[in-house]
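The values are calculated or read from the model by the stated rules, or taken from the named source; none is laboratory data. All figures in this text were calculated on a predicted structure; none of them were measured in a lab. For neighbour counting, all protein chains shown are included, and Cβ atoms are generated from backbone atoms with ideal geometry for every residue, glycine included.
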Amino acid sequence: MSRMKAVQVAEAGGPLKLVELDVPEPGDGHVRIKVQACGICHSDSLTKEGQWPGLQFPRVPGHEIAGVIDAIGTGVEGWSVGQRVGVGWHGGHCGRCSRCRQGDFVLCEKAQVPGISYDGGYAEFVVAPVEALASIPDDLSDADAAPLLCAGITTYNALRNSGARAGDVVAILGIGGLGHLGVQFARKMGFNTVAIARGQDKAALAKQLGAHHYIDSKTQSVAEELSKLGGAKVILATVTSGKAMSAAVGGLGLNGKLIMVGISEEPVEVPIAQFIMGRNSIQGWPSGTSADSQDTLEFSALSGVKPMIEEFPLERAPEAYDRMMSGAARFRVVLKMA
């Protein structure tokens, strides 16, 4: 049996270790992907620290996978060897639970996540169910495609389902791994795009990414500045701070909505009278299906949206992971296979 390099965690809280494993064989309804690139996401810490209920070790992390189909199991139709594919957070669903029966596959009660439910993309090969596959457009590189399969789909899918229309004021709260993509998507979708971050040092970057306006939450009142623009139809909150979200909701316009994609332990506090009289609302948004991933990739290729990335070889995964988790990497970190 042939062998492959992979980086795995042997136990909760254990180190990431480069190991040799057997190359997996695809079973019924599955394909094997030769991994070309895998993004490192903050939620990979759920695997490394063993914070996902029922997680089994050892486990190879990674759910931002871009590669090429290398082998096909029985019962697979519509996909062929040599085809470029990606797999994101939505790594499979049962098709039988009440949510699946309603077509809400991303919230399947037995949802599978690569790198959590089964071995993920910190490896030369990965096996994934056919329903998790997204086709990658030819004019998108593997390294650029990888982060779009999690950070990209989360912001793109939330914005396109937000109800905002071209010309509406849409604010992106936070310009990090998610937010720097959110600003680009908002601009390309035709929204009057506002970027919100801490400090004047990010103003130039915000404009470069396509923001029409920049609000420095350190020195300006976010709510007041948004109100001056007529109020936001949508505030997409990519930050991991409930406090920062609470400070922004006063800037919602009539029928305005705060959409949360950043996770925070802190609650969000809202001014109730404003929410009643302005018909305001708050919504959370979880990523999307493989079809949504494919839409994200196609829109990105079409409109020129690109993640800002740092690349590392697989062998340096522990260093790359630490760089992402510490915040030293400004945006996204991607592992490239040799």
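Tell me which of these residue 150 doesn't satisfy, since it passes every other one: (1) touching a strand residue (DSSP E or B) at 6+ places or on another chain (Cβ under 9 Å); (2) surrounded by fewer than 19 Cβ atoms within 10 Å (Cβ to Cβ); (3) under 25 Å from residue 53 (Cα atoms).
Against the list (1) touching a strand residue (DSSP E or B) at 6+ places or on another chain (Cβ under 9 Å); (2) surrounded by fewer than 19 Cβ atoms within 10 Å (Cβ to Cβ); (3) under 25 Å from residue 53 (Cα atoms), residue 150 comes up short only on (2).
Against the condition over 25 Å from residue 134 (Cα atoms), more than 23 Å from the chain's Cα centre (by Cα) and loosely packed, with under 15 Cβ neighbours inside 10 Å, how does residue 224 come out, does it pass?
Details: over 25 Å from residue 134 (Cα atoms): yes; more than 23 Å from the chain's Cα centre (by Cα): yes; loosely packed, with under 15 Cβ neighbours inside 10 Å: yes.
For residue 224, the condition - over 25 Å from residue 134 (Cα atoms), more than 23 Å from the chain's Cα centre (by Cα) and loosely packed, with under 15 Cβ neighbours inside 10 Å - is met.
Would you check if residue 39 is surrounded by fewer than 23 Cβ atoms within 10 Å (Cβ to Cβ) and closer than 17 Å to residue 132 by Cα?
Working: surrounded by fewer than 23 Cβ atoms within 10 Å (Cβ to Cβ): no; closer than 17 Å to residue 132 by Cα: yes.
Criteria not met by residue 39.
Could you say which residue among 111, 134, 71, 146 is aliphatic (A, V, I, L, M), within 18 Å of the chain's Cα centre (by Cα) and over 20 Å from residue 44 (Cα atoms)? Step through it out loud before you land on a result.
Details: 111 fails: over 20 Å from residue 44 (Cα atoms); 71 fails: within 18 Å of the chain's Cα centre (by Cα); 146 fails: over 20 Å from residue 44 (Cα atoms).
So the residue among 111, 134, 71, 146 that is aliphatic (A, V, I, L, M), within 18 Å of the chain's Cα centre (by Cα) and over 20 Å from residue 44 (Cα atoms) is 134.
Tally time: how many residues in the range 249-261 are over 14 Å from residue 213 (Cβ atoms), surrounded by 22 or more Cβ atoms within 10 Å (Cβ to Cβ) and of a type outside the set (Val, Ile, Thr)?
Selection size over the range 249-261: 3.
Select from the range 105-124 the residues that are among the aromatic types (Phe, Trp, Tyr) and surrounded by 24 or more Cβ atoms within 10 Å (Cβ to Cβ) and list them in ascending order.
The first filter runs over the range 105-124 and keeps only residues among the aromatic types (Phe, Trp, Tyr), leaving 105, 118, 122.
Scanning the range 105-124 gives a single hit, 122.
In the set 307, 313, which member is without any contact (Cβ under 8 Å) to a residue 60 or more places away in the chain and in the same structural domain as residue 45 (by TED's automatic domain parsing)? First the steps, then the outcome.
Details: 307 fails: without any contact (Cβ under 8 Å) to a residue 60 or more places away in the chain.
Just one listed residue meets the conditions, 313.
Check 195, 186, 203, 244 and return the single one that is at pLDDT 95 or above, surrounded by fewer than 18 Cβ atoms within 10 Å (Cβ to Cβ) and not polar (S, T, N, Q). Talk me through it step by step, then tell me what you get.
Values: 195 fails: surrounded by fewer than 18 Cβ atoms within 10 Å (Cβ to Cβ); 186 fails: surrounded by fewer than 18 Cβ atoms within 10 Å (Cβ to Cβ); 244 fails: surrounded by fewer than 18 Cβ atoms within 10 Å (Cβ to Cβ).
Every option except 203 fails the conditions.
Would you mind stating whether residue 80 is among the polar types (S, T, N, Q) and part of a helix (DSSP H, G or I)? Before the answer, list the steps.
Details: among the polar types (S, T, N, Q): yes; part of a helix (DSSP H, G or I): no.
In short, no.
Looking at residue 196, is it part of a loop (DSSP other than H, G, I, E, B), of a type in the set (A, V, I, L, M, F, W, C) and touching a strand residue (DSSP E or B) at 6+ places or on another chain (Cβ under 7 Å)?
For residue 196, the condition - part of a loop (DSSP other than H, G, I, E, B), of a type in the set (A, V, I, L, M, F, W, C) and touching a strand residue (DSSP E or B) at 6+ places or on another chain (Cβ under 7 Å) - is not met.
Mind listing whichever residues of the range 1-39 are acidic (Asp, Glu) and assigned to a strand (DSSP E or B)?
In the first step, residues of the range 1-39 are kept if they are acidic (Asp, Glu); the result is 11, 20, 22, 25, 28.
The answer is 20, 22.
Out of (1) touching a residue at least 24 places away in the same chain (Cβ under 8 Å); (2) over 28 Å from residue 223 (Cβ atoms), the odd one out for residue 322 is which?
Single failed check for residue 322: (1).
For the range 317-336, check the following and say yes or no: at least one residue is buried (at least 16 other Cβ atoms within 10 Å of the Cβ), of a type in the set (Ser, Thr, Tyr) and part of a helix (DSSP H, G or I).
Yes, the conditions are met somewhere in the range 317-336.
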